[in-house]
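Structure record follows, encoded as structure tokens.
The values are calculated or read from the model by the stated rules, or taken from the named source; none is laboratory data. These numbers come from a predicted model, not from an experiment. Here the Cβ positions follow ideal geometry from the backbone for every residue, glycine too, while neighbour counts run over all protein chains shown. SASA here: full protein model, heavy atoms, side chains in, ligands and nucleic acids out. Shrake-Rupley method; radii C 1.70, N 1.55, O 1.52, S 1.80 Å.
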Amino acid sequence: MAEALAKISQVQDWGMIQIRADLSRAGDAIAGAVGLAVPAQGCTTTDGSRVLGWMSPDELLLVLPKAETAAALAALQDALSTEHALALDVSDMRAVFRIQGAKALQVLTKLCPADLSAMPENGLRRTRAAQVACGIWREPGGYVLVGFRSVGDYLRGILTGAAAPGTDLEPR
């Protein structure tokens, strides 16, 4: 029996904090509070357990172990108390999937209009998977896809279908 193109797994133990602020003014405060440098446009910074991703000119997404979410949120709110800013725990409104394996890029290529092969190692891309908004970044051995929890079952289904055995994009 043929193998799947990639292993699809749902991540359950990550917390996420959406940060909205004028990054040119509040970037140092954010970096100090989360312990990561503010990433360049379309990129991420990481320390191995936390990822800070650039989502738009005034928006970052902090991904971290779920157990650290409350403390990180409190640190951000304290650091941003003098800024016009928002730090919000969005953990429960997101679904997160890992796409792991040698052909993980093929799985995403079937679903996403973006050229993810051109994404740098520390890149983050907002795009869509089929017709669902998502964010994608690389990690060792594959990719992470984040979407809305309300379409989590759909995302799981399309990712699993795109990874199905015998659906390789390369010539046979």
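Of the residues making up the stretch 93-124, those that are of a type outside the set (A, V, I, L, M) and in contact (Cβ under 8 Å) with a residue 60 or more places away in the chain are Arg94, Phe97, Arg98, Gln100, Gly101, Lys103, Gln106, Thr109, Pro120, Asn122, Gly123.
Looking across Leu169, Leu111, one residue alone is modelled with pLDDT under 95 and either over 28 Å from Glu68 (Cβ atoms) or exposed (fewer than 12 other Cβ atoms within 10 Å of the Cβ) (or both). It is Leu169.
Quick grid of which residues meet (1) open to solvent by 30 Å² or more (accessible area, probe 1.4 Å); (2) within 15 Å of the chain's Cα centre (by Cα); (3) small (Gly, Ala, Ser):
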| residue | (1), (2), (3) |
| --- | --- |
| Ala95 | no, yes, yes |
| Leu116 | no, yes, no |
| Asn122 | yes, yes, no |
| Arg149 | yes, yes, no |
| Asp153 | yes, no, no |
| Gly157 | yes, no, yes |
| Ala162 | no, no, yes |
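Selection of the stretch 59-83 for residues being open to solvent by 60 Å² or more (accessible area, probe 1.4 Å) and either in contact with an Asp or Glu (Cβ under 6 Å, 6 or more places away or on another chain) or acidic (Asp, Glu) (or both) yields Lys66, Glu68, Asp78.
Contact map, the stretch 1-24: residues that are under 30 Å from Asp168 (Cα atoms) paired with residues that are of a type in the set (A, V, I, L, M) and assigned to a loop (DSSP other than H, G, I, E, B), Cβ distance under 6 Å, separation 6+ or inter-chain. Pairs shown: Ala4/Ala163; Leu5/Ala163; Ala6/Ala163; Ile8/Ala163.
Among residues of the stretch 42-55 being touching a residue at least 40 places away in the same chain (Cβ under 8 Å) and not in a loop (DSSP other than H, G, I, E, B), the one that is least open to solvent (accessible area, probe 1.4 Å) is Gly53. Of note, Thr82 does not satisfy the criterion of being closer than 22 Å to Asn122 by Cβ and polar (S, T, N, Q).
Any residue at all in the stretch 25-41 that's part of a strand (DSSP E or B), open to solvent by less than 30 Å² (accessible area, probe 1.4 Å) and either among the acidic types (Asp, Glu) or touching a residue at least 24 places away in the same chain (Cβ under 8 Å) (or both)? No: the stretch 25-41 contains no residue that is part of a strand (DSSP E or B), open to solvent by less than 30 Å² (accessible area, probe 1.4 Å) and either among the acidic types (Asp, Glu) or touching a residue at least 24 places away in the same chain (Cβ under 8 Å) (or both).
Within the stretch 125-137, the residues that satisfy the criterion of being under 13 Å from Leu108 (Cβ atoms) and either touching a residue at least 40 places away in the same chain (Cβ under 8 Å) or open to solvent by 50 Å² or more (accessible area, probe 1.4 Å) (or both) are Arg125, Arg128, Gly135, Trp137.
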